[in-house]
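Visitor: One structure is given below, represented as structure tokens, and several questions about it will come after.
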Amino acid sequence: MLELNNALELIMKGIDAPLSEYGFKVEYPEGVRPPELPVTQSGNKSIIMYRGENGRVRLEHENGKLALFCARADEEDTPDDDMNRVSLSLLDLEEFNEKDIKYICGEYTESLEKIFSKKSQYSGKKMPTPVSRTQAKSGALSYDANTLGSRFTTIYPELRDEYKLNVETYGEFLAEDFFLNHGNTIVLKTIEENDKIKMRQLFKLLNDIYEDGTNDTQSLVGVTILGETLAGKPELFENAKEYFSDTMTEPVTEIYTYLSKSKSARMRLQTPPIYKPKKDKKKGLFSSMMNM
């Protein structure tokens with residue numbers, strides 16, 4: 001069993017090397033000095049901030065979860081409490097040990113490298129070609145995750161650079177990373193605002209991709225995007241359901257119901273496994289979760 005301060009201290013030590021490499025220094029709250037931990041309390045949240053010429057990094061612990069937020073230097077107008085979440089991990093103090101902490105540090109080191117390492121910045125690599133509407137409607141090809149990502153950033157151009165950086169970093173479009181850390185925030189905001197024009201625009205895309213998408217792409221729409229965004233939010237689900245196509249209504253409703261009832265399934269969805277290059281075709285995320 002770990003104490004929270006002990007766990008945070010181990011994590012700080014575990015990511016000290018990459019943070020130092022990218023020029024970050026921890027920020028001590030007023031009245032706090034070493035060897036005390038530089039932790040700021042905000043309600044139930046325990047927050048540790050780092051700042052440097054390359055941007056900002058924030059560690060945030062709340063309700064058994066530890067999140068890593070990052071903002072590059074060109075995002076200086078973004079408030080500290082509105083930075084992009086780039087990683088989310090369970091932190092079970094009763095069950096975790098130093099080996100588990102080491103695993104979290106490894107994930108965070110990879111995330112920091114992706115965001116702040118110069119070799120990871122988008123270098124203008126040609127993006128993969130999306131499937132056209134003509135190809136999808138004729139049955140020649142089915143919509144894939146990359147097509148959804150590309151068309152999504154046409155609606156929300158502020159995420160175009162994140163899409164490009166995602167492809168550059170992984171060598172392909174890693175949809176779970178993009179939507180869980182970036183796209184879903186905008187989807188949620190759109191549904192919360194419930195503006196009819198914006199809702200029709202968003203769901204025209206999601207319905208179209210779902211109708212003619214691969215099984216994996218349908219899982220991406222139903223589970224990773226709508227399931228993760230709407231689970232446990234009945235009012236928002238009713239806002240969104242009005243715009244579902246006939247094909248999408250039944251399966252997405254089942255996904256919503258399942259995830260709303262299963263906290264463990266939602267936690268697993270929010271903490272996907274570390275990316276590994278594809279070898280063999282795998283089942284869709286929804287199929288895997290339902291099997292569990």
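The values are calculated or read from the model by the stated rules, or taken from the named source; none is laboratory data. Computed from a prediction, not measured in an experiment: that's the story for all the values here. Neighbour counts run over all protein chains shown; Cβ positions are idealised from the backbone, glycine included. These area figures cover heavy atoms from the full protein model, side chains too; ligands, DNA and RNA do not enter into them. Shrake-Rupley method; radii C 1.70, N 1.55, O 1.52, S 1.80 Å.
Visitor: Go through (1) touching a residue at least 24 places away in the same chain (Cβ under 8 Å); (2) over 30 Å from Glu95 (Cβ atoms); (3) β-branched (Val, Ile, Thr) one by one and return the number of the condition Thr78 breaks.
Guide: (1)
Visitor: Same structure again: Anything in segment 8-31 that is open to solvent by 40 Å² or more (accessible area, probe 1.4 Å) and of a type in the set (A, V, I, L, M)? List them, or say none.
Guide: Hits for segment 8-31 are Leu10, Ala17, Val26.
Visitor: Looking only at segment 61-110, count every residue that is within 15 Å of Pro18 (Cβ to Cβ) and among the β-branched types (Val, Ile, Thr) and tell me the total.
Guide: Residues meeting the conditions: 3.
Visitor: Next up: Among the residues of segment 216-249, which ones are open to solvent by 30 Å² or more (accessible area, probe 1.4 Å) and farther than 19 Å from Phe178 by Cβ?
Guide: Gly232, Lys233, Pro234, Glu235, Glu238, Asn239, Lys241, Glu242, Tyr243, Asp246, Thr247, Thr249 - these are the residues of segment 216-249 that are open to solvent by 30 Å² or more (accessible area, probe 1.4 Å) and farther than 19 Å from Phe178 by Cβ.
Visitor: In segment 32-53, what count of residues is obtained for those that are open to solvent by 40 Å² or more (accessible area, probe 1.4 Å) and outside any loop (DSSP other than H, G, I, E, B)?
Guide: Total meeting the criteria: 5.
Visitor: Can you list the helices (runs of 4 or more DSSP H) lying wholly within segment 97-211 that have 1 or more residues being under 30 Å from Gly14 (Cβ atoms) and in contact with a Pro (Cβ under 6 Å, 6 or more places away or on another chain)?
Guide: In segment 97-211, 98-116, 175-178 are the helices (runs of 4 or more DSSP H) which contain 1 or more residues that are under 30 Å from Gly14 (Cβ atoms) and in contact with a Pro (Cβ under 6 Å, 6 or more places away or on another chain).
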